[in-house]
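**Q** Here it is, the structure, as structure tokens.
The values are calculated or read from the model by the stated rules, or taken from the named source; none is laboratory data. Bear in mind the structure is a predicted one, so any value in this text is a computation, not a measurement. Cβ coordinates were reconstructed from backbone atoms using ideal geometry, including for glycine residues, and neighbour counts include every protein chain displayed. What goes into the accessible areas is simple: the full protein's heavy atoms, side chains included, and nothing from ligands, DNA or RNA. Shrake-Rupley method; radii C 1.70, N 1.55, O 1.52, S 1.80 Å.
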Amino acid sequence: MRRRVAFVSGGAKGIGEAIVRKLAACGFSVAVGYNTSASRAESLALELQRGGVNAIATELDVSDPRSIEKAANSAKKYFGFVDTLVCNAGISLVKPFSDCSVEEINRVIAVNLTGTMLLCKEFAGDMTSEGFGRIVNVSSCWGVRGASCEVAYSASKAGVIGFTKSLNAELARSGVLVNAVAPGFINTDMNAHLTAEEVAAFTDGVSVNRVGQPSEVADLVEFLTRENLYVAGETISVDGGLL
Ligand code: NAD
């Protein structure tokens, strides 16, 4: 069996933390990329190490190419070959499009789309050389459908879908499969600002009539990292069946 090593961006909390925990439970060594949650990332890595998992926490700002290179190099130095990359880091931007500043629009594209592309660029070379790799990008249901008052965010996540298909087309024959997940409403800090009424209004439009949990996204991500995988270039929804 292949020794598996994953790098997860935004891995200290929310969906990223659930992905780290799931992959660790499935036998992966894991690099937890964190931006501002240093102590959470360090204690997560420590907890995993105590449970016998080879894990490190590494600082990462996906909007800064030098930070991406530094984080990738530290993971490669520590683990050797990193065969699995999960591009989960992301930020939201919720306001009417006409009220968004150029700086806000550029920021959401820089983190969600350019950050995802640059992180993939940093790891994909080694994967193609080794003839094996799994990349999972975290898009959004709004990247699939579009959303009012989340126009730039939705555009960034739609870009992730197009990027995923294209990168897969370029790399799959080298054994590197690239897929994306499109979560719906997941119970994390990203939605913490919403009132109970706003959450209820949203779940009215979900066929299973509830919000999702980070672990439910992590289960799908883990599936897409499997060695035997006949899914490539896809974006799979994990949204409880948006109506
Ligand atoms: P979250 O706010 O808890 O996590 C976002 C993570 O991204 C954090 O760990 C944060 O530190 C990291 N991050 C932000 N900017 C960064 C940067 N510049 N460099 C590196 N890391 C950075 O929210 P979450 O819900 O766990 O979000 C995870 C991913 O899931 C995001 O890409 C988000 O767009 C996507 N998503 C979330 C939902 C939802 O309902 N929660 C739905 C669809 C998609």
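**Q** Residue by residue through the stretch 1-21, note down the ones that are open to solvent by 10 Å² or more (accessible area, probe 1.4 Å) and either among the hydrophobic types (A, V, I, L, M, F, W, C) or closer than 19 Å to Asp189 by Cα (or both).
**A** Those that are open to solvent by 10 Å² or more (accessible area, probe 1.4 Å) and either among the hydrophobic types (A, V, I, L, M, F, W, C) or closer than 19 Å to Asp189 by Cα (or both): Met1, Gly10, Lys13, Gly14, Ile15, Glu17, Ala18, Arg21.
**Q** Does Val144 meet the test of being out of contact with any strand residue (DSSP E or B) (no Cβ under 7 Å at 6 or more places or on another chain) and surrounded by fewer than 23 Cβ atoms within 10 Å (Cβ to Cβ)?
**A** When the stated conditions are applied, Val144 does not pass them.
**Q** Sort out which residues of the stretch 87-119 are more than 16 Å from the ligand (Cβ to nearest atom) and either under 18 Å from Val176 (Cβ atoms) or in a helix (DSSP H, G or I) (or both), and write them in order of number.
**A** Hits for the stretch 87-119 are Phe97, Ser98, Asp99, Val102.
**Q** A further question follows. If Val138 satisfies all but one of (1) touching a residue at least 60 places away in the same chain (Cβ under 8 Å); (2) out of contact with any helix residue (DSSP H, G or I) (no Cβ under 9 Å at 6 or more places or on another chain), what's the number of the condition it fails?
**A** Of the numbered conditions (1) touching a residue at least 60 places away in the same chain (Cβ under 8 Å); (2) out of contact with any helix residue (DSSP H, G or I) (no Cβ under 9 Å at 6 or more places or on another chain), the odd one out for Val138 is (2).
One line per residue, one yes/no per condition, for (1) within 14 Å of the ligand (Cβ to nearest atom); (2) touching a residue at least 12 places away in the same chain (Cβ under 8 Å):
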site: Lys121; (1), (2): no, no
site: Ser129; (1), (2): no, no
site: Ser154; (1), (2): yes, yes
site: Lys165; (1), (2): no, yes
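**Q** Further question: For the stretch 17-57, enumerate the residues that are under 19 Å from Arg134 (Cβ atoms) and within 12 Å of the ligand (Cβ to nearest atom).
**A** Ala18, Ile19, Val20, Val32, Gly33
**Q** Check Asn187, Asn179, Asn137 and return the single one that is surrounded by fewer than 20 Cβ atoms within 10 Å (Cβ to Cβ) and modelled with pLDDT of 95 or more.
**A** Criteria check complete, one pass: Asn187.
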